[in-house]
Amino acid sequence: MIEITCSALLFDLDGVLIDSTPAVIRVWTQWARAHGFDPDEVVRRAHGRPSISTIREYLPHADHEAENRVVENGEIADLNGVVPLPGARELLEALPPDRWTIVTSCTRQLGTTRLGAAALPIPPRLVTCDDVKNGKPDPEPYRKGASLLGVAAKDCIVVEDAPAGIRAGKAAGARVIACRTTSPEPELRDAGADWIIDNCKSISVVGRNPNGDLRLAVSEQK
């Protein structure tokens, strides 16, 4: 067990707080097959990044906004199996409301729809791809998340599951806890994760310092 002190936590959504993997695979597989691409490769490339970034790579000359709407509408409509991951609800309930937010690569509509399906709280200062010019792995999303909470990114803990998100958190100056929910552990380490855990069940709030900073207990047990 490791004790970590931070000003706030910045959570990725899919693969950290909720399990949307079955729906993501179904939607991106359908899109890939419709365009003649390898579904497994497309699913891997799409995870943890704004969907339009993946679309631009595979269809450089297409109407990217139109293609993105197709993917987003499919993901909004497919909520089968979208559930909280272990420990997510308990951890969020234990945190002060002003000391955490979500920084996700999906749109605001998709993010809030999935949070509603999983019956998890929607933070008032949610950061989505609609709120930034540069998505993960660029540091902008996590810098904005920290700024909205009134803290420095270097004083935050980012909780991620995808290499792109880990790189975004590290580039923003934050420390990163990576979950083994989506990517192989070597990829998480190569991306720069400071700690690797199974899921949010491995994080608990043990107290607060006089200055308001959070004290977390983190278990890296495999």
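Just so it is clear, none of the values below were taken in a lab; they were calculated from the coordinates. The shown structure was predicted, so the numbers you read here are calculated from the model rather than taken from an experiment. Please note: Cβ atoms are built from the backbone with ideal geometry, for glycine as well, and neighbour counts cover all protein chains shown.
For the stretch 1-134, a crude dipole built from +1 on the beta carbon of Lys and Arg and -1 on the beta carbon of Asp and Glu, taken about the Cα centre, is about 100 debye to the nearest 20. A Förster distance of 41 Å, applied to the separation of the beta-carbon atoms of PHE37 and SER204, puts the FRET efficiency at 0.45. Comparing the stretch 80-204 with the 2.2 N^0.38 Å rule of thumb, its C-alpha radius of gyration ratio is 0.99 (two decimals).
Hey, if you put +1 on the Cβ of every Lys and Arg and -1 on every Asp and Glu Cβ in the stretch 1-133, which of LEU79, PRO22, PHE37 ends up farthest toward the positive end of that dipole? My answer, from the dipole projection, is LEU79. Our note on the geometry: Cα centres of the stretch 1-77 and the stretch 174-222, 23 Å apart. Residues within the reach of a label modelled at ALA62 (point 7 angstrom out along Cα to beta-carbon, backbone nitrogen below 19 Å), restricted to the stretch 105-130, are 106-107. Straight-line reach from LYS144: taking Cα to Cα under 24 Å and skipping same-chain neighbours fewer than 8 places apart, the lysines in range are LYS133, LYS136, LYS154, LYS170. Magnitude of the charge dipole for the stretch 149-222, about its Cα centre and with charges confined to Cβ atoms of Lys, Arg (+1) and Asp, Glu (-1), is about 180 debye. Could you calculate the contour length gain from GLU185 to ASP78, that is, 0.36 nm times the residue separation minus the distance between their Cα atoms, to one decimal place in nm? Length gained, GLU185 through ASP78: 35.7 nm.
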